[in-house]
Structures are given as C-alpha cells and as structure tokens.
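K.L.:
Quick one: the structure is below, questions incoming.
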Ligand SMILES: Cc1ncc(COP(=O)(O)O)c(C=O)c1O
C-alpha cells in the first residue's frame with residue numbers, strides 16, 4: 001500500500017472543525033485563520049482532505065530536507081519504537097551516542113579538521129539557541145549577546161529577544177544585555193554601499209564599532225544565522241564570516257552559528273558556514289537534522305567550550321535531551337544523506353535548476369527586484385518599483401501566493417518575498433514544474449506594478 005491509497009483517518013472529517021474550536025496556533029490572530037487540512041504527503045508533495053495536491057516548495061517551514069514520508073525514516077522510527085522509546089538524559093543510549101558522533105564528524109568536515117567535540121541535544125531550535133547562549137555566557141563569564149536586526153532565533157523569551165525582526169516587539173521588554181547590529185544585505189544596504197566588497201567592509205566596521213561601544217569584555221557571544229533565513233535568505237558577501245571570526249578572536253567573543261534553518265543540506269553543505277572559511281565556536285541546529293520526523297535540536301560544542309564544563313556543572317537540562325526516538329531519526333537521516341547523495345543534489349538543484357530559472361524570471365518580470373540564494377535556499381524579492389526598490393505590498397505577495405496554490409504549488413512567503421525552499425531531494429522535473437508555476441504567477445505581480 002502506498003501513501004496515496006492509505007485509508008483516510010477516521011478523525012479527518014472533524015479535523016477542520018476541531019482545529020478551529022480547540023487549536024491555538026503560532027504567531028497568529030486566532031479569529032482570521034482558515035487552515036488547510038493536510039491529509040497526506042509523499043516526497044515533495046502533499047495533499048488535502050479533498051485530494052487536492054500541491055508541490056511542496058516550503059519543506060514545512062524549511063524543515064523537511066528529506067521530504068515527506070521517506071521510507072527509511074519511517075522504518076527507523078518503527079525500529080526504534082520497538083526497541084526503546086525513551087531513555088532519560090543521565091543514561092547513555094546507542095542512538096544518542098551515534099547521532100552525536102555523526103553530527104560532530106559532519107561539523108568537523110568529515111575529517112577535514114575542526115575543533116568540535118560534543119553535542120548537547122534539545123527538542124527544537126529555540127532551545128538550541130538558548131543553550132548555546134548559556135554555554136557562551138558560562139564559558140566567557142560575560143553577559144551581553146549581539147544579534148542581527150534581520151534575524152529570527154526562536155519564540156522562547158531569550159531567543160525571541162535575540163530575534164531582530166518585528167516578532168520581537170510584542171515580547172519586549174526582553175532579557176537584559178541583548179544588543180542588535182545590522183548585518184550585510186547588499187540589495188538594501190544599511191551602509192549605502194554599492195558593491196558586495198564594500199558591504200563586507202562596512203558591515204564589519206559597523207560590527208567592530210558596536211563591539212567597542214558595548215564593551216568588548218562584556219560581550220559573551222555574537223549569534224548569527226550563517227545564511228539569514230526567514231528574514232530574506234541573505235547570503236553573506238565574501239569575507240564577512242571570515243571577518244566575524246577575526247573580530248571574535250580579537251575580543252575573546254564566542255561565535256554562535258544559528259544553523260537551525262540553514263543546516264543539514266539546505267545550502268548544499270552539512271552546515272551553511274562550511275561554504276566559507278571561518279569556523280564558529282558553537283552551532284545551534286534543529287529542523288534538517290532529521291527533517292522534523294521527531295522534534296530534535298541541539299548545540300555542537302567546540303573542544304575548548306566543552307572542556308570548560310569538565311569540572312564545573314553545566315546549569316541546564318531537558319527531560320527529553322537526546323531522546324532515542326528522535327536521535328534514531330537523526331542517525332537514519334545522515335545515513336540517507338550519504339547513501340542518496342543529498343548534499344550534491346541540493347547543490348545541483350541550486351546551481352543547475354533553481355538559480356538559472358530564478359535569474360531568468362528576474363530578467364523577464366519587472367516585479368522581481370532581486371533573486372538570491374544557494375542550494376535549495378532562495379528568495380525572490382518582489383518590488384512595487386524597480387528603481388526605488390520599494391517592497392511589493394502584502395496584497396501583491398498574497399495574490400502571487402494564491403495563484404501558485406491555485407496551480408498546484410504551495411510557496412512560502414515572508415514580507416515582500418517568495419522563498420523557494422523545496423526539500424533537498426526534490427526530483428529535477430518536480431522542481432522545474434514548481435518553478436514554472438511560480439514564473440506564471442509572477443505575471444500577477446507584474447500587472448500590479450502596471
Ligand atoms: C534560524 C532559526 N533559528 C531558530 C529557530 C527556532 O526554531 P524552533 O521553531 O524549532 O524553536 C528558527 C525557526 O524557524 C530559525 O529559522
């Protein structure tokens with residue numbers, strides 16, 4: 001039996017009514033919601049309770065890097081469920097040990113050399129960020145943390161305080177000592193630069209100035225999404241991450257790479273920072289580590305920081321840290337990445353299919369201000385005016401999204417952008433099909449410009 005002819009759940013008929021009556025949703029005014037009931041999914045497609053099918057260009061919040069219902073992932077869950085469902089953190093467990101060993105191996109570049117040694121497991125990305133900051137504060141004995149205005153780091157008190165985008169605002173006042181800076185964004189430069197080289201230079205000078213005025217000996221960490229995700233898919237210009245590393249070394253600051261969205265294949269590497277030269281001290285991960293088949297996140301810890309806790313107690317913990325069912329899916333996922341060449345396929349999709357198609361769309365559609373990305377991590381920035389780069393209004397973006405959905409592709413939108421973020425193992429023909437739907441839908445935005 002395939003997923004397509006599996007019998008529908010008996011609960012499906014009431015799913016919508018019970019959702020509206022009883023489910024309280026994330027980041028939403030509850031009254032305005034009209035959620036589509038997802039009845040099933042396979043690979044890079046999902047379908048609703050009426051049988052309407054869409055190509056998944058969202059990976060379910062940029063998370064299912066291996067797509068839906070991968071048979072080896074399902075088997076890993078079944079096998080582990082039959083073996084051992086839960087082991088509390090003080091015990092050791094084969095799946096947790098193996099997941100940690102593999103994740104450290106990948107962080108160290110598969111033997112290319114690196115300073116990572118241990119993994120602290122969490123349930124999700126926000127907890128990974130929380131614990132990375134906790135490790136950095138304990139290691140340095142300092143309290144301030146710097147993060148970018150264009151960032152999202154999670155929904156818990158500290159991680160939403162680190163977040164720069166507007167979702168932070170209703171959650172303030174926040175944890176003390178959280179300082180913001182502007183990261184590089186050549187298309188909308190905060191530094192009035194007119195080349196990526198100038199953007200790197202000026203963004204690093206601004207970061208240095210921020211460090212100096214905030215007091216270098218007060219700053220525990222700088223946390224940065226290696227490629228900014230939700231806030232624009234901002235690929236750092238050449239030299240920026242290397243410059244960040246140099247500043248952290250100069251001032252004794254811990255570099256935390258937030259790889260929750262960018263990690264595990266999204267940019268064609270195990271971790272997005274591996275596309276450049278600099279090496280962070282801590283890596284916060286979640287999502288793609290096991291495509292969210294079971295909630296899992298964590299922090300990869302450098303040797304120096306890990307050993308700082310050899311004698312002293314780490315002041316943090318979670319009942320489900322290193323949950324065997326979740327860790328078994330991480331082990332399975334890393335195995336699938338290797339067996340099925342997922343990193344190479346992600347790079348191929350970006351270099352040979354998505355990148356060229358989006359650049360071609362940018363040349364033909366006047367509503368497209370810029371396209372940018374790598375691997376399966378791309379943004380199409382819609383504008384109302386190509387000269388002023390005024391962002392397209394929500395109604396225009398909403399109309400493009402609706403047109404894509406009407407034609408069988410479910411896109412992810414954020415502000416004035418469409419993010420093209422299908423699973424890393426999406427077949428070429430399906431990626432092309434989804435891109436053609438986006439191409440046609442952009443006519444709606446062109447018409448809005450007039
Ligand atoms: C870069 C980044 N960090 C942290 C988080 C928070 O992860 P979670 O929702 O699993 O807590 C997200 C979620 O999208 C993210 O994109």
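K.L.:
Over the chain, with a Gaussian network built from C-alpha contacts below 10 Å, which listed residue (409, 86, 261) shows the highest mean-square fluctuation?
P.N.:
86
K.L.:
For segment 74-339, what log10 I(q)/I(0) values come out of the Debye formula at q = 0.07, 0.12, 0.13, 0.15 1/Å, with one point per alpha carbon and no solvent?
P.N.:
Cα-only, vacuum Debye calculation for segment 74-339: -0.23, -0.69, -0.81, -1.07.
K.L.:
Using the count of nearby Cβ atoms within 10 Å as a rough guide to exposure, how do 118, 106 rank from fewest to most? Please report the intermediate quantities before stating the final value.
P.N.:
Numbers: 118 17, 106 25.
Exposure proxy ranking, most exposed first: 118, 106.
K.L.:
With springs only between Cα atoms under 10 Å, which of 411, 184, 315 fluctuates most in a Gaussian network model of the chain?
P.N.:
With Cα springs under 10 Å in the chain, the top fluctuation among 411, 184, 315 is at 315.
K.L.:
Here's something else I'd like to know. Modelled label-to-label distance, residue 85 and residue 205, 7 Å Cα→beta-carbon offset: nm?
P.N.:
According to this spin-label approximation, the distance is 6.0 nm.
K.L.:
Oh, and also: Semi-axes, largest first, in whole Å: what does sqrt of 5 times each Cα gyration tensor eigenvalue give for segment 299-413?
P.N.:
Numbers: eigenvalues 333, 82, 55 Å².
Value: 41, 20, 17 Å, ordered largest first.
K.L.:
A further question on this structure: Once each part is reduced to its C-alpha centroid, what is the distance from segment 5-61 to segment 259-302 in angstrom?
P.N.:
Value for the Cα centre distance between the two parts: 28 Å.
K.L.:
Could you line up 331, 421, 212, 145 from fewest to most neighbouring Cβ atoms inside 10 Å? All intermediate terms of the calculation are to be shown ahead of the outcome.
P.N.:
Working: 331 22, 421 29, 212 10, 145 25.
Final ranking by Cβ density, sparse to dense: 212, 331, 145, 421.
K.L.:
Shifting gears a bit: Just for the chain, what percent of DSSP beta bridges are antiparallel, to the closest 5?
P.N.:
That works out to approximately 65 percent antiparallel.
K.L.:
Calculate for the chain the 222 nm mean residue ellipticity that helices alone would give, adding -39,500 (n - 2.57) per DSSP H run of length 4 or more and normalising by residue count, nearest 500 deg cm²/dmol. Walk me through the intermediate numbers first.
P.N.:
Details: 14 runs with 165 residues, N = 450.
It comes out at -11500 deg cm²/dmol, rounded to the nearest 500.
K.L.:
What full-extension length gain, to one decimal in nm, is calculated for residue 446 and residue 23 as 0.36 nm per residue of separation minus the Cα-Cα distance?
P.N.:
Residue separation times 0.36 nm, minus the Cα-Cα distance, leaves 148.5 nm.
K.L.:
Stokes-Einstein D for segment 16-159 at 20 °C, 1.002 mPa s, Kirkwood Rh over Cα pairs, in µm²/s?
P.N.:
In µm²/s, the coefficient rounds to 110.
K.L.:
Computed FRET efficiency, Cβ-Cβ of residue 308 and residue 72, R0 35 Å: what is it to the nearest 0.05?
P.N.:
0.40
K.L.:
Compute a Gaussian network model of the chain, connecting alpha carbons closer than 10 Å, and tell me which residue from 433, 370, 172 fluctuates the most.
P.N.:
Maximum fluctuation in the GNM of the chain, among the listed residues, is at 172.
K.L.:
Just the projected area, averaged over all directions, of the convex hull on the alpha carbon atoms of the chain: how many nm²?
P.N.:
One quarter of the hull surface, i.e. the mean projection, equals 21.9 nm².
K.L.:
At 7 Å along the Cα-to-beta-carbon direction for both residue 439 and residue 359, put a label point, then send me their distance in nm to one decimal.
P.N.:
Reported label-point gap for residue 439 and residue 359 is 1.5 nm.
K.L.:
Using only Cα atoms, locate the centre of segment 389-450 and the centre of segment 109-129, then give the distance between them in Å, rounded to an integer.
P.N.:
Comparing the Cα centres of segment 389-450 and segment 109-129, I get a distance of 34 Å.
K.L.:
Taking the Cβ-Cβ separation of residue 175 and residue 61 as r and a Förster radius of 22 Å, what is the calculated FRET efficiency to the nearest 0.05?
P.N.:
The value I calculate is 0.35.
K.L.:
If you don't mind, there's one more thing I want to ask. Using every Cα-Cα pair within segment 128-258, state what percent have a distance larger than 18 Å.
P.N.:
Every Cα pair in segment 128-258 considered, those over 18 Å come to 50 percent.
Coordinate-derived values only; no laboratory data. Bear in mind the structure is a predicted one, so any value in this text is a computation, not a measurement. Here Cβ is always computed from backbone atoms with ideal geometry, including for glycine, and neighbour counts include all displayed protein chains.
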